[in-house]
Structure formats: C-alpha cells, structure tokens
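The values are calculated or read from the model by the stated rules, or taken from the named source; none is laboratory data. The model shown is predicted, which means the values in this text are computed figures rather than measured ones. Reconstructed Cβ throughout: ideal geometry from the backbone, glycine too, with neighbour counts over all protein chains shown. Protein only, heavy atoms only, side chains kept; ligands, DNA and RNA dropped before computing areas. Shrake-Rupley method; radii C 1.70, N 1.55, O 1.52, S 1.80 Å.
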Amino acid sequence: MDVGIRDESIRLGQFLKLASLVEHGGEAKELVAQGAVAVNGEVETRRGRQLHDGDVVTLGGQAARVVHGEVVDNLPW
C-alpha cells in the first residue's frame, strides 16, 4: 500500500505508526530493535532512519511504500 507524507522525509518509527503497521511508538521501537522491520529489503534496526519517496517498509508480511504528497484512494467503497 502507498502511504503519503507531507514532508520530503519521515523517520521510520513515525512511518510505522502513520501506515498503521504498529499502534504506538513503543511497539515500533521494540520491533525495530528486534530486527523485525525491513527497509527496501534490508533489515533496519534504527528507528530514526530517514525514509524518502519510494522507500518500502516491510513488517510481518505487510508492506508500505513512502509516497511524497497525497495518495489517491482507488478502493471501490
């Protein structure tokens, strides 16, 4: 899924919350520290990693791509 951001970049911990891959920052911190999060196919253990347009974050079989600007919702409902 594509997740839009307003600025040029966003920190990994913030993005995990924005993309609803985690419920709160503590959960993000724990999962990143455990090596459960990948950015562009590589395990990332830095919660403060800066993400940019096109980066793909994967957690537990779910993936979210960083998109600068608004994302058009093409869902049928």
Residues being open to solvent by less than 40 Å² (accessible area, probe 1.4 Å) and free of Cβ contacts under 8 Å to residues at least 24 places away in the same chain - total across segment 30-44: 3
Matching option when the condition is assigned to a loop (DSSP other than H, G, I, E, B) and either open to solvent by less than 30 Å² (accessible area, probe 1.4 Å) or touching a strand residue (DSSP E or B) at 6+ places or on another chain (Cβ under 9 Å) (or both), among 65, 47: 47
Residues that are among the small types (Gly, Ala, Ser) and in contact with a helix residue (DSSP H, G or I) (Cβ under 6 Å, 6 or more places away or on another chain), drawn from segment 26-54: 28
Any pair with Cβ under 7 angstrom, 6 or more apart, that starts in segment 1-27 at a residue that is within 16 Å of residue 38 (Cα to Cα) and ends at one that is in a helix (DSSP H, G or I) and open to solvent by 100 Å² or more (accessible area, probe 1.4 Å): 13/29
Residue 16, sole failed condition from (1) of a type outside the set (Phe, Trp, Tyr); (2) outside any loop (DSSP other than H, G, I, E, B); (3) surrounded by fewer than 18 Cβ atoms within 10 Å (Cβ to Cβ): (3)
